[in-house]
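Structure first, then comments.
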Amino acid sequence: MKFRLVLIVLALQLSSCVKEKLKAKNNFAGEYRESSINKTVVDSTNNTLAVNGFNSKSPYYSFIEKKYNKILKEKKLVYFEEKDIDLDGKKEAVAAFGTISEKKEVDVDCLFLLRNDNGKIVTLAYNFGFGNYNVYDVKLISLQDKKQSYIHLYLTNGNLCFFGLHGFSVFELVNNKPKQVCFSYSMSLYRGDKLIDSNKDGIYDGYIQHEIKDYTLNYFGDTEFVFENNGFKSKETQFRIDDYPESIKGVLLQYIRIRSLDFVDDLVTKRLKELCVNEKLTTISWDRKVWDNAYYKSYYDANNAIKFEINEGFDVARVLAVYQVEVYNKMKKKKYQLQFDLQKINNCWRIADIMVIQ
């Protein structure tokens, strides 16, 4: 397991596709940030940004200037909105300070939940909802059939690779304190979890939670949650996996990967049966750990750790899969081999026989 983790880390550092994944991540984050940035104008009184009336005349501005002057001087206001969030007759304000890059990418460093209590500004919460995550956007939202407002935070763990985590949390105001009503995240590879507005009326009524069962097989799942009776409830889950491989090598790699998984479910069992002509081939005895490592090294290594010697006919093929491992403290390599016989059935290559060669 440690060996595999090392391989993953090295591969991620070298992979040229990381930039593309980062681009997707930034585009996704931009969907959330746009509403905040578009409300931003320059306040001529100082270098701070003014949003929705947050300026030197605002009582919230005076409060933060007096108690948190360093933040006001060193950070930019990236979001501000005043509203009676909990509908108790008194107005609250959400104020977020941080940085905005040239690409309009927001990073929130300081988050205030303030209340105007008959002209006196008090702090209800500070930097709530961060946990072990970075906040990249803040906004007030509405949920289906609810009159009160909710505080939405867009979150990331700050990991720059596509295995970073992205998601969100939603808070309501209860007894003058923020209470989390929803928290969901997934890997950046899948662009993170997000709220949904299914009927496009500006009110959120659910969210999609993504699950990665196995990224090398593109084995993903989406669970839809709907907001009902003051909470989010799961509605349905849909899973999907890579299409059936077209090439002989693709068939064999998918077989090795599925046989190496540390879980079994209906979808992978179905695919394994599709790959094999005979069901007994789905359970043939072999060194799972060795071929699991071989698969991962082949997946990340352009030189392909598993060497395939393919002898292909019109509708039959024989393939020798060879994987060599250096023996620790010995000047030699140990060779592992699998021999596959395949048949083309309905224009698909399927495994007809397997021999483990010692």
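The values are calculated or read from the model by the stated rules, or taken from the named source; none is laboratory data. This structure is a prediction, so every number in the text was calculated from the model and none was measured. Counting neighbours? That spans all protein chains shown, and the Cβs are built from the backbone with ideal geometry, glycine included. What goes into the accessible areas is simple: the full protein's heavy atoms, side chains included, and nothing from ligands, DNA or RNA. Shrake-Rupley method; radii C 1.70, N 1.55, O 1.52, S 1.80 Å.
Within the range 184-234, restricting attention to residues that are crowded, with 19+ Cβ neighbours inside 10 Å, farther than 15 Å from G167 by Cβ and not hydrophobic (A, V, I, L, M, F, W, C), which residue is modelled with the highest pLDDT?
Top of the filtered list is D205.
Sort out which residues of the range 124-138 are under 19 Å from N52 (Cβ atoms) and modelled with pLDDT of 95 or more, and write them in order of number.
Listed by number, the list holds a single entry, L124.
For Y295, state whether it is open to solvent by 70 Å² or more (accessible area, probe 1.4 Å), assigned to a helix (DSSP H, G or I), touching a residue at least 40 places away in the same chain (Cβ under 8 Å) and closer than 30 Å to D193 by Cα.
No: the conditions fail for Y295.
Among the residues of the range 269-288, is there at least one that is among the hydroxyl-bearing types (S, T, Y) and open to solvent by 70 Å² or more (accessible area, probe 1.4 Å)?
Within the range 269-288 (the criterion being among the hydroxyl-bearing types (S, T, Y) and open to solvent by 70 Å² or more (accessible area, probe 1.4 Å)), the answer is yes, since at least one residue qualifies.
If a residue must be free of Cβ contacts under 8 Å to residues at least 60 places away in the same chain and small (G, A, S), how many such residues does the range 246-267 contain?
2
Does the range 326-334 contain any residue that is more than 29 Å from Q238 (Cβ to Cβ), without any contact (Cβ under 8 Å) to a residue 24 or more places away in the chain, surrounded by 16 or more Cβ atoms within 10 Å (Cβ to Cβ) and out of contact with any Pro (no Cβ under 6 Å at 6 or more places or on another chain)?
no
If you check K70, K104, which single one turns out to be farther than 22 Å from V174 by Cβ and in contact (Cβ under 8 Å) with a residue 40 or more places away in the chain?
Only one candidate passes the filter, namely K104.
I'd like to check something: does the range 64-74 contain any residue that is at pLDDT below 95, in contact with a Ser or Thr (Cβ under 7 Å, 6 or more places away or on another chain) and surrounded by fewer than 22 Cβ atoms within 10 Å (Cβ to Cβ)?
Yes, there is a match, as at least one residue in the range 64-74 is at pLDDT below 95, in contact with a Ser or Thr (Cβ under 7 Å, 6 or more places away or on another chain) and surrounded by fewer than 22 Cβ atoms within 10 Å (Cβ to Cβ).
Looking only at residues in the range 349-358 that are touching a helix residue (DSSP H, G or I) at 6+ places or on another chain (Cβ under 9 Å) and open to solvent by 50 Å² or more (accessible area, probe 1.4 Å), which one is nearest to S247 (Cα to Cα)?
Result: R350.
Which of the residues belonging to the range 298-325 are part of a strand (DSSP E or B) and either open to solvent by 100 Å² or more (accessible area, probe 1.4 Å) or of a type in the set (D, E, K, R) (or both)?
Residues satisfying the conditions are K307, E309, N311, E312, R318.
Please list, ordered by first then second residue, the pairs with beta carbon atoms under 6 Å, 6 or more apart or interchain, first in the range 226-242 and farther than 15 Å from E172 by Cα, second in a loop (DSSP other than H, G, I, E, B).
Every condition considered, the pairs that remain are D242/N218.
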